[in-house]
Amino acid sequence: MALAAEITAYRDGGGDSGRLVGEFRRAVLLAPLTEGGADVDEARGGLMSAVSGGIRWLYAFTDEEALARFAQARGEAGRQWPYVAILGARLVDVVVPMVDGPAGVAVNVADADGSMLFPPVAGIVPDACAVDLDVDGRGAVA
């Protein structure tokens, strides 16, 4: 099942979290690139992201149509949106550890009924980057 369909199934209550994460890791996602703009939440010349709740969320989209809806929502549909195609697994296994601080992936953020956050927790990001584990890889104490 494609990631967008798996997200829909999960949001409708019929999905499985393991299947959802597996599909996310296998999916080729479109990650928009910044243009070195003035937005302080964007790493200049890198992958477009935003910080919310102390977490840097990397934007990723399942297809060009989802990316276009994001551009439209930002009022920036009239410009070119450069992006890289990248596996979800590569985003969380390689890119997230390069980010200074906790980071996750926000998929299809402009789609009210089709978006999904993949937070920096064990089972999604590498254990060393998971905010729910302590430095020894054990569950964090509340």
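Each value in this text was obtained by applying a stated rule to the coordinates, not by laboratory testing. Bear in mind that the values here come from a model prediction, so they are computed numbers and not experimental data. No Cβ is skipped: glycine too gets one built from the backbone with ideal geometry, and neighbour counts run over all protein chains shown.
Stokes-Einstein, applied to the Kirkwood radius of the chain over Cα pairs at a viscosity of 1.567 mPa s and 4 °C, places its translational diffusion at 83 µm² s⁻¹. Residue-wise HN-Hα couplings along segment 121-127, as the Karplus relation 6.51 cos²θ - 1.76 cosθ + 1.60 with θ = phi - 60° gives them from phi, are 10, 4, x, 10, 9, x, 3 Hz; Gly and Pro carry x. Spatially, segment 92-110 and segment 59-79 are offset by 18 Å when compared through their Cα centroids.
Normalised by the number of residues in segment 1-130, what is the relative contact order in percent for Cα pairs under 8 Å and 6+ residues apart?
25 percent
Counted by neighbouring Cβ atoms within 10 Å, the residues Tyr83, Tyr59 run from fewest to most as Tyr83, Tyr59.
For Trp57, Trp81, the sequence from fewest to most other C-beta atoms within 10 Å is Trp81, Trp57. Near the amide H of Gly104, within less than 5 Å, lie the amide hydrogens of Arg56, Trp57, Leu58, all on another chain or at least 5 residues away, with H placed in the peptide plane. Under 5 Å between amide hydrogens, built in the peptide plane, is the criterion, and for Met116 it picks out Val107 among residues at least 5 positions away or on other chains. Largest GNM mean-square fluctuation across Gly114, Gly22, Gly78, computed for the chain with C-alpha springs under 10 Å, falls on Gly78.
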